[in-house]
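Q: Here's a structure for you.
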Amino acid sequence: MLNKKSILSLLMVLFLISCACPKNIFVLLPESDGTVGAIQLTNEKGSVLLDKAGEGLTVAGPDSPPQLVKVMSQAEIERTFKAALKAEPLPPESFLLYFETGSIILTASSRDLIGQIMVSIKTRESVDISIFGHSDRAGSKRYNLKLSTARAQKVYDLLVAQGVNTEFLQVTSHGEGNPLVVTADNVAEAKNRRVEVVVR
Amino acid sequence: MLSRVFFVVLSLMLFAGLALAEGLPSGSVKTVQGEVFAERQGKVLPLVKGVRIFAEDLLVTGPDGSLGIVLRDNTIFSMGPNSRLSLDEFVFAPVEGDFSLLVSMIKGTFVYISGIIAKLSPESIHLETPVGVVAVRGTRFAAKISGK
């Protein structure tokens, strides 16, 4: 027999269960280097901004306003997102290789980086490696596009010689259009004579 | 002679069709556990490490499945079990200045880490869920979506 009291306690239990596991949760997490950005969830009923690590929000459904919740504990985050957190891939790694002025000869310290790039490719079992060629602004635009293409090609050849599958490599040339250090035209700047390799 | 021209034109058309169907890969599979597949142009494709991901792929994990992918702009998505994510659009052409990342997190658990598009063109990112749209400012977040 269900009396008033047991119905009430049943409702209480149901209420507690539903509150313990909200249907939709968003939590802001720190990046691997510790920086914290922000996210904002918006639907027709409202909008909530999260900008502190561990801060969360819940939404009952598409027709309910998002609700800010207190900072979630590390244990709670681990429990809720365990498998997805475990499946996070290693972040891509980026390398900058530098060249002698007007040439496709790598500087000595950049030559040594080729070995580190190979370690990164093997660790990540990468099938997706980008090579971006850049030049400084000494010389014409056309000359610099040609030079940055030749530099990127040089790094491509070095990686292929180390046994990297050519299908895993993409080469792009930016010429003088995407400098690390902004300079006036016709200025030689060692930091801009570079090839960036990104291992994903 | 005419038949030879016809043959050349036909093979060119076939080649163009193939190129269109393939497109540029958007990224690749980095981590896999359990049953995980992609629905691509009406076909089901089991996912293993190293398989390429394309725009318009629907990524699905089974009850014991999990998946991690890295896109060409360094954006990372990982998914827990019983999850569905649709990569509706992906354009990353920094030389031309063209960017677009349109993703639907349909249901399940997810972790997102932003890539270069978030730095160069955050307004080109649209992360949709059944309960609202997420705007990001260079960041990492987790989401649990129970579906509609």
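The values are calculated or read from the model by the stated rules, or taken from the named source; none is laboratory data. Source: prediction; values computed, not measured. Please note: Cβ atoms are built from the backbone with ideal geometry, for glycine as well, and neighbour counts cover all protein chains shown. These accessible areas exclude ligands, DNA and RNA; they are computed on the full protein's heavy atoms, side chains included. Shrake-Rupley method; radii C 1.70, N 1.55, O 1.52, S 1.80 Å.
Q: Which percent of Cα-Cα pairs in segment A:84-161 sits in each 5 Å bin, short to long?
A: 3, 13, 23, 21, 14, 11, 7, 4, 2, 1
Q: Ignoring everything except DSSP H segments at least 4 long, calculate the 222 nm mean residue ellipticity for chain A; use -39,500 (n - 2.57) per segment, divide by total residues, nearest 500.
A: Values: 4 runs with 68 residues, N = 200.
The helix-only estimate for chain A comes to -11500 deg cm²/dmol at 222 nm.
Q: Here's a follow-up. Relative contact order (percent) for chain A, with alpha-carbon contacts under 8 angstrom and 6 or more residues of separation? It would help to have the intermediate numbers written out before the result.
A: On the way: 335 pairs, mean separation 38.2, N = 200.
Dividing the mean separation by the residue count of chain A yields 19 percent.
Q: If you average over every viewing direction, what projected area does the convex hull of the Cα atoms of segment A:22-76 give, in nm²?
A: On the way: hull surface 14.9 nm².
The directionally averaged projection comes out at 3.7 nm².
Q: Roughly what would the spin-label model give for A:A38 and A:I7, points 7 Å off Cα along C-beta, in nm?
A: Output for this residue pair reads 4.9 nm.
Q: Right, another one. Quick one: Debye curve from the C-alpha atoms of the protein assembly as shown, no solvent, what's log10 I(q)/I(0) at q = 0.09, 0.12 Å⁻¹?
A: -0.60, -0.95
Q: Follow-up. Angle between the Cα long axis of helix A:141-161 and the longest principal axis of chain A, 0 to 90 degrees, nearest 10?
A: 70 degrees
Q: Which FRET efficiency, nearest 0.05, do A:E100 and A:D63 yield, Cβ-Cβ r, R0 56 Å?
A: On the way: r = 64 Å, r/R0 = 1.14.
After rounding, the FRET efficiency stands at 0.30.
Q: Relative to the Cα centre, what is the charge dipole magnitude of the protein assembly as shown, using +1 at the beta carbon of each Lys and Arg, -1 at the beta carbon of each Asp and Glu, and rounding to the nearest 20 debye?
A: Working: 36 positive and 34 negative charges, 115 e Å.
Charge dipole of the protein assembly as shown: 560 debye, to the nearest 20.
Q: How many Å² of accessible surface get buried when A and B come together, counting both sides, probe radius 1.4 Å, rounded to the nearest 100? Spell out each step's value before the answer.
A: Values: alone 12970 and 9060 Å², together 18420 Å².
Roughly 3600 Å² of accessible surface disappears when A and B pair.
Q: Please list 3J(HN,Hα) in residue order for segment B:85-102, calculated via the Karplus relation 6.51 cos²θ - 1.76 cosθ + 1.60 where θ = phi - 60°; whole Hz, with x for glycine and proline.
A: Running phi through 6.51 cos²θ - 1.76 cosθ + 1.60 with θ = phi - 60° gives 9, 10, 8, 6, 8, 9, 10, 9, 10, x, 5, 7, x, 9, 9, 7, 9, 10 Hz.
Q: Each residue of segment A:29-39 in turn: what ³J(HN,Hα) in whole Hz from Karplus with 6.51, -1.76, 1.60 and θ = phi - 60°, glycine and Pro shown as x?
A: My calculation for segment A:29-39 gives 10, x, 6, 4, 8, x, 5, 10, x, 7, 9 Hz in order.
Q: Which percent of the accessible heavy-atom area of segment A:114-200 goes to carbon and sulfur, probe 1.4 angstrom? Before the final figure, lay out the partial values.
A: On the way: 2170 of 4140 Å².
Roughly 53 percent of what the probe reaches on segment A:114-200 is carbon or sulfur.
Q: I'd like the residues of segment B:90-126 whose 1.4 Å-probe accessible area shrinks by no less than 30 Å² going from the isolated chain to the full set of protein chains.
A: Residues of segment B:90-126 that lose at least 30 Å² of accessible area once the other chains are added: B:V95, B:T109, B:V111.
Q: Suppose every K and R has +1 on its Cβ and every D and E has -1 on its Cβ; what is the size of the dipole of segment B:25-145 about the Cα centre, in Debye to the nearest 20? Intermediate values should be presented prior to the final figure.
A: Working: 12 positive and 12 negative charges, 84 e Å.
With only Lys, Arg, Asp and Glu charged at Cβ, the dipole is about 400 debye.
Q: Sorted by accessible area (1.4 Å probe), largest first, how do B:V136, A:V71 line up?
A: Values: B:V136 20, A:V71 80 Å².
Highest to lowest solvent-accessible surface, that is A:V71, B:V136.
Q: Test of understanding: what is the full-extension gain from A:Q153 to A:A188, defined as 0.36 nm times their sequence separation minus their Cα-Cα distance? Before the final figure, lay out each step's value.
A: Working: separation 35, 0.36 × 35 = 12.60 nm, distance 2.12 nm.
Taking A:Q153 through A:A188 to full extension adds about 10.5 nm, to one decimal.
Q: Per residue, how large is the accessible surface of the protein assembly as shown? Use a 1.4 angstrom probe and give square angstrom. Don't skip to the end; give the middle numbers.
A: On the way: 18420 Å² over 348 residues.
Solvent-accessible surface per residue comes out at 53 Å².
Q: Show the residues, 5+ positions off or on another chain, whose built amide H is closer than 5 Å to the amide H of B:I53.
A: HN-HN under 5 Å from B:I53: B:S26, B:G27, B:S28, B:V29.
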